[in-house]
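K.L.:
This structure is in structure tokens; I'll ask about it shortly.
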Amino acid sequence: MPAGLLTAGAITALLAAPLSTHNPSVITNPPPDKIVIEVATVNGSGCRAGTAAVAVSPDNTAFTVTYSDYLAQVGVGSKPTDFRKNCQLNLNVHVPQGFTYAIAAADYRGYAKLEPGASGTEKASYYFQGSPVTTPSSHTFRGNYADNWQATDSVPIAALVWHPCGELRNFNINTELRVNAGTSDPNRTTSFMTMDSTDGSLNTIYHLAWKECPKT
């Protein structure tokens, strides 16, 4: 997988999710050492080989997934299977010794052109390998719509799912785009929804929360 590059605008957008000062186990500053994220596997119709990249923010508070060919569509010029596209990323996250992390928030961005009566839905879930706990989300946009879109998911501190201290478990991200023609006429119109970064500014950003592992 090619390494992703953060633009100046993307770095500016990497704001850490607010952390509660009433929970002593959660730290407000990330560890000084860098985290390293390696893409173990990438599968799905929305992220064919070479079309997804991961980059970590300089301050360790977030990482960005950039897509270059993630598009779902219905109508003129589309195939029957194009109405749904998905991507599963399996990431190997190396964190500084003595720390663990959780996903505190996620920002999803893209562009949609939806005809009147059509709709587009972005779905996501993420979990640690071997864990039964999954964090799902879903956002729907309805036509008439022709603009950039953004969806943000925030996880309360009490509901954060932490990577088990001292264990090696990959982090999985599942995303999906689905476009429904609805009452629009797919024989005369085309509706589509993307999650991509053709101009270097439309990314999916995952914000990290940190805490120290118990001393052993």
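K.L.:
Looking only at the stretch 96-117, how many residues end up being modelled with pLDDT of 95 or more, among the small types (Gly, Ala, Ser) and buried (at least 18 other Cβ atoms within 10 Å of the Cβ)?
P.N.:
Matching residues across the stretch 96-117 total 1.
K.L.:
So, of the residues in the stretch 68-89 that are open to solvent by less than 30 Å² (accessible area, probe 1.4 Å) and touching a Phe, Trp or Tyr at 6+ places or on another chain (Cβ under 9 Å), which turns out to be farthest from residue 195 (Cα to Cα)?
P.N.:
75
Table: residues versus (1) among the aliphatic types (A, V, I, L, M); (2) assigned to a loop (DSSP other than H, G, I, E, B); (3) at pLDDT below 85.
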position: 146; (1), (2), (3): yes, no, no
position: 151; (1), (2), (3): yes, no, no
position: 176; (1), (2), (3): no, no, no
position: 179; (1), (2), (3): yes, no, no
position: 183; (1), (2), (3): no, yes, no
position: 186; (1), (2), (3): no, yes, no
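K.L.:
OK, next. Need pairs with beta-carbon distance below 9 Å; first residue under 19 Å from residue 44 (Cα atoms) and open to solvent by 60 Å² or more (accessible area, probe 1.4 Å) and within the stretch 118-142, second assigned to a loop (DSSP other than H, G, I, E, B) and modelled with pLDDT of 95 or more; sequence gap 6+ or separate chains.
P.N.:
Going by the 9 Å Cβ cut-off, there are no qualifying pairs.
The values are calculated or read from the model by the stated rules, or taken from the named source; none is laboratory data. Please read these numbers as outputs of a predicted model, since none were measured by experiment. Backbone-built Cβ (ideal geometry, glycine too); neighbour counts: all protein chains shown. All accessible areas refer to the heavy atoms of the entire protein, side chains included, with ligands and DNA or RNA removed. Shrake-Rupley method; radii C 1.70, N 1.55, O 1.52, S 1.80 Å.
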